[in-house]
Amino acid sequence: MANRVVITGMGIWSCIGTSLDEVRDALYQGKSGIIFSQERKDAGFRSALVGNVPKVDLKPYVPRNLRNFMPEEAMYGYIATKQALDNAGIDEDYLNTHEVGIIYGNDSVAEATMQSLDKFRQANSTVACGSGAIFQSMNSNITMNLACLFKLRGINLTASAACASGSQSIGLAALLISQGLQDCVICGGAEENNMYGIASFDGIQAFSIREDEPEKASRPFDASRDGLVPSGGGATVILESYEHAVKRGANIIAEIVSWGFSGNGDHISTPNVAGPARSLELCLRNGGIDPKQIGYINAHATSTVIGDRREAQAIAQLFGERTVPVTSTKSQTGHEMWMAGASEIIYSTLMMKNGFIAGNINFEKPDEETACINVLPETKETHFDMFLSNSFGFGGTNSTIIVKNV
Amino acid sequence: MTREEIIAEINAELAEEFEIDEATITPDAPIYQTLELDSLSLVDLIGIVQTKYGVLISKAELPTIKTFAQLYDYIEQHQK
């Protein structure tokens, strides 16, 4: 990358915490954010497991007429971004006098769309949809709302890449900054956590049905895993060029060293090994990084049988068998989907800055094909200066980011 | 519905939807300022009246409704 790209702010609203301190402690303690939802069971879900994400009350921050444009995911995106801007020391005056951009990951608008169309069909009138419906039901609702609320005048773009959306948004933002096209970009991902967003996902039987043990249901790489657990929330990171951050006296948290990506060109839901492996390879090559420099891998692994196997094999292909420590924080958070690529950069950065690797909870023993990687089952206090984070999505979209300590 | 019933119902609905103190809704109070309506949120007022009473306020008649009393009049006269 031509310009160095650094992280100067982070904000998070998730099922394991709604502040950086809470999340750091939850990661260290191996806390699970997964619960059983009777509401989902009663509604007809095969699996009623879900991340317990607190609702956001934006009344103190956003007036009714502007909140009216915001569905659940935009509210998560707003609160995470507010935290991240505070964390970065960027205030309203700064935003009003500088060109700050936003690239944010999102890939569903189910609840807002359903609610407005229900009103339309019930009343036989389009007016009944309400004035906020058109904005709420567009996939770019997060970037359109946040750009207006925070008065952003730079790039304004939503990245929709399934479960790699958050990661791709960070990669794209880093690319623009490295090329000198933007000095500062807000990026991240958010995911609606209501049942409508993932009802059809439940329908294809991709979720764990270990309902009697919610906290043990998400168990990436473990031999007895039986599917993912859906979750949501919002995660924001502030990226800047190194020069820009130094000039404004920002606290530099970490540096984005490289971004890699690839497409599988294969099945819509079943991943392969070659696609993820090329994403990893490109990321290492782009950054000029030797695999030995990577002290930790935050895996995409969602706790599905096939997906975890394919990722383990891709990692082993590039890093050798049972070398670098690997964990999936989805063991604690469930799968935060469009948010995951961003939240997992935050989780991993918190670990790197605080000298530990959060254990891959519920990992008891690997199966034949996940035994090729070094999964840490328990939290380990250790120092590392560089990590790699994977995010893969439906359609075979892969994204890999390497971050180093500063 | 009687006028009294309309007033009680629509005032409560508008106070909740537009997040204002119901006490500020008085017959002579200006609707636009009281509900802080803009060109978009005005649609929500029209939508509530249509959904609750089956009354669609026409674009031509909209400018004649400036106070809550005029809104009550309109609903009372057009309700089905």
Task: the range A:91-210 - Rg over Rh from alpha carbon coordinates, Kirkwood radius - done: 1.07
- [ ] Quick one: plug the Kirkwood hydrodynamic radius of the range A:260-405 (C-alpha pairs) into Stokes-Einstein at 25 °C, 0.890 mPa s, and report D in µm²/s.
- [x] 165 µm²/s
Task: Order of A:LYS247, B:LYS80, A:LYS404 - criterion: other Cβ atoms within 10 Å of each residue's Cβ, fewest first - done: B:LYS80, A:LYS247, A:LYS404
Task: Local net charge near B:ILE65, Cβ-Cβ under 12 Å (Lys/Arg +1, Asp/Glu -1) - done: 0
Task: Hull volume in cubic angstrom per residue (convex hull over the Cα atoms of the range A:357-406) - done: 113 Å³
Task: All-pairs alpha carbon distance profile, chain A, 10 Å steps from 0, percent - done: 5, 25, 35, 24, 9, 1, 0
Open item on the list: Net charge around A:GLY234, counting only other residues with Cβ within less than 13 Å of its Cβ (Lys, Arg = +1; Asp, Glu = -1)?
Closed with: -3
Task: Helix-only mean residue ellipticity at 222 nm for chain B, each DSSP H run of n ≥ 4 adding -39500 (n - 2.57), per residue, nearest 500 - done: -16500 deg cm²/dmol
- [ ] Can you run the Rg to Rh ratio on the range A:76-134? Use alpha carbon positions and the Kirkwood inverse-distance Rh.
- [x] 1.20
Task: Listed residues A:GLY320, A:GLY227, A:GLY105, most fluctuating in chain A (Gaussian network, C-alpha, under 10 Å) - done: A:GLY320
Open item on the list: Report the Cα centroid-to-centroid distance between the range A:1-25 and the range A:239-266 in angstrom, as an integer.
Closed with: 13 Å
Open item on the list: Using Cβ contacts closer than 10 Å as the measure, can you line up A:HIS267, B:HIS78 from fewest to most?
Closed with: A:HIS267, B:HIS78
- [ ] Give a residue-ordered list of calculated ³J(HN,Hα) values for the range B:68-80 (Karplus: 6.51 cos²θ - 1.76 cosθ + 1.60, θ = phi - 60°; whole Hz; x for Gly, Pro).
- [x] 5, 4, 5, 5, 4, 4, 4, 5, 4, 6, 10, 5, 9
- [ ] Sum up the charges of everything whose Cβ sits under 13 Å from the Cβ of A:ARG309, counting Lys and Arg as +1 and Asp and Glu as -1, but leave A:ARG309 out.
- [x] -4
Open item on the list: Helix-only estimate, please: 222 nm mean residue ellipticity of chain A, summing -39500 (n - 2.57) across DSSP H runs of length 4 or more and dividing by its residues, to the nearest 500.
Closed with: -10500 deg cm²/dmol
Open item on the list: Given a 10 angstrom Cα cut-off, can you work out which residue in A:GLN332, A:GLN29, A:GLN168 is the most mobile in a GNM of chain A?
Closed with: A:GLN29
Task: Residues A:ALA2 and A:LYS365, FRET efficiency given R0 of 45 Å [Cβ-Cβ distance, rounded to 0.05] - done: 0.50
TODO: Compute the longest continuous run of chain B that contains no exposed GluC sites (Glu not before Pro); treat a site as exposed when its DSSP state is not H, G, I, E or B and it has at most 15 other Cβ atoms within 10 Å.
DONE: B:37-60
Task: Where only C-alpha atoms are counted, convex hull volume of chain B per residue in Å³ - done: 82 Å³
Open item on the list: Taking the beta-carbon count within 10 Å as an exposure proxy, list A:LEU157, A:LEU181, A:LEU284 from fewest neighbours to most.
Closed with: A:LEU181, A:LEU157, A:LEU284
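Where a number appears in this text, it was derived from the coordinates with a stated rule and is not lab data. Remember, predicted model here, so these are calculated numbers, not experimental data. Cβ atoms come from the backbone with ideal geometry, glycine included; neighbour counts cover every protein chain shown.
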